[in-house]
Amino acid sequence: MPSFTQRIQNLQQIGPVVEILLTPSVPYMQSMGINIATIKDRVVKVLAMIDTGATGTVISKGITEKLGINPVGTILINTPSHTDVSCYQFDAQIVFPNNVAIPSIVVTEAPLQGQHIQYLIGRDVLQHSVFIYTGYDNSFTLSFSVHLFPYFLVIIFFCNSNQNPVTFRRYQQTKRLATDAQPPHRFAFLCVLLFALSLRAIPRYACDFERGDV
Amino acid sequence: MLETETKTFEDRLPELIKTDVGKFVLIKDDKVVGTYSAIQDALKDGYEKFKGQAFFVRQIVPVQQPLNFANNHLLS
């Protein structure tokens, strides 16, 4: 599971901030026939804050000029002081520590007041992750998970049916329903098959999380 | 930038809702280039067709919900 952990002195005052790298998105680079090695001057390091109060991800004005990308849309935003402000949206790649990368995410450009924060990581990123804020340890962890849950439900259901190995042995011993029961190796095969399927069943967005080249 | 595309989207929204609600529309100038099931497909097609120029991608929904931010770093 791709993840990273940050430890920050006085986490309560500073907040869950992390240095990330921004680049033009991977689909952009692929279509333009460029790669990270050829556009090193368009890789920007920014300080980002994880913000559970933000619907989407925000990038400070001016950063996109360094990235050399054009907008891919507009959106209205509401803030504590303004409503229905029209802002540009851009497509960019985020690279977290440990080379945990999101190759393509649409971010909203807005003025961010304050000297240190240039990027807000909103719930559009968090919806695909596990965010653990450990206040007493001054640390936080962000992990990106695969969706295995439905397949394990099926396995649990199967374990509780009368075709699992335990009941199979019981039926063999009592000489009842031996013809109906499934041999244990079939159960093992089913478990392996379901596990393999679960690895293939990662949603499209989660598939986009991959180790970056930066 | 993107004023023409935004106006085109607003003008064409009623008919797009009838046929492609939930999909993502790609617009360049006053032309609807296409609709796509995933935003990544719309972006990829936009990059390939317009080679890094600005274009407009938006989900087709009856009511456009604004993004909400509680952080007072924004636009203060």
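A few comments on the model shown:
Residues are listed down the side, and each one gets a yes or a no for (1) under 20 Å from A:Glu109 (Cα atoms); (2) exposed (fewer than 12 other Cβ atoms within 10 Å of the Cβ); (3) more than 8 Å from chain A (Cβ to nearest Cβ):
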| site | (1), (2), (3) |
| --- | --- |
| B:Arg12 | no, no, yes |
| B:Leu16 | no, no, yes |
| B:Gly22 | no, yes, yes |
| B:Tyr47 | yes, no, no |
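- Any hit, segment A:122-138, residues being within 23 Å of the chain's Cα centre (by Cα), modelled with pLDDT of 90 or more, facing chain B (nearest Cβ under 7 Å) and surrounded by 18 or more Cβ atoms within 10 Å (Cβ to Cβ): no
- Test: residue in segment A:44-54 that is more than 21 Å from A:Leu126 (Cα to Cα) and either exposed (fewer than 15 other Cβ atoms within 10 Å of the Cβ) or charged (D, E, K, R) (or both): no
- Residue match in segment A:28-42 (condition: closer than 23 Å to A:Phe131 by Cβ and either in contact (Cβ under 8 Å) with a residue 12 or more places away in the chain or within 11 Å of chain B (Cβ to nearest Cβ) (or both)): no
- Inter-residue pairs, beta-carbon under 8 Å, first closer than 18 Å to A:Gly73 by Cα and in segment B:1-24, second assigned to a helix (DSSP H, G or I) and not basic (Lys, Arg), 6+ apart: B:Phe24/B:Ile39; B:Phe24/B:Asp41; B:Phe24/B:Ala42
- Qualifying residues in segment A:77-99 (those that are surrounded by fewer than 18 Cβ atoms within 10 Å (Cβ to Cβ) and small (Gly, Ala, Ser)) - the one farthest from the other protein chains (Cβ to nearest Cβ): A:Ser86
- Filter result (of a type outside the set (Gly, Ala, Ser) and out of contact with any helix residue (DSSP H, G or I) (no Cβ under 7 Å at 6 or more places or on another chain)) within segment A:44-65: A:Lys45, A:Leu47, A:Met49, A:Ile50, A:Asp51, A:Val58, A:Ile59, A:Lys61, A:Ile63, A:Thr64, A:Glu65
The values are calculated or read from the model by the stated rules, or taken from the named source; none is laboratory data. None of the values given here were measured: they were computed from a predicted structure. Glycine also receives a Cβ, built like all others from the backbone with ideal geometry; neighbour counts cover every protein chain displayed.
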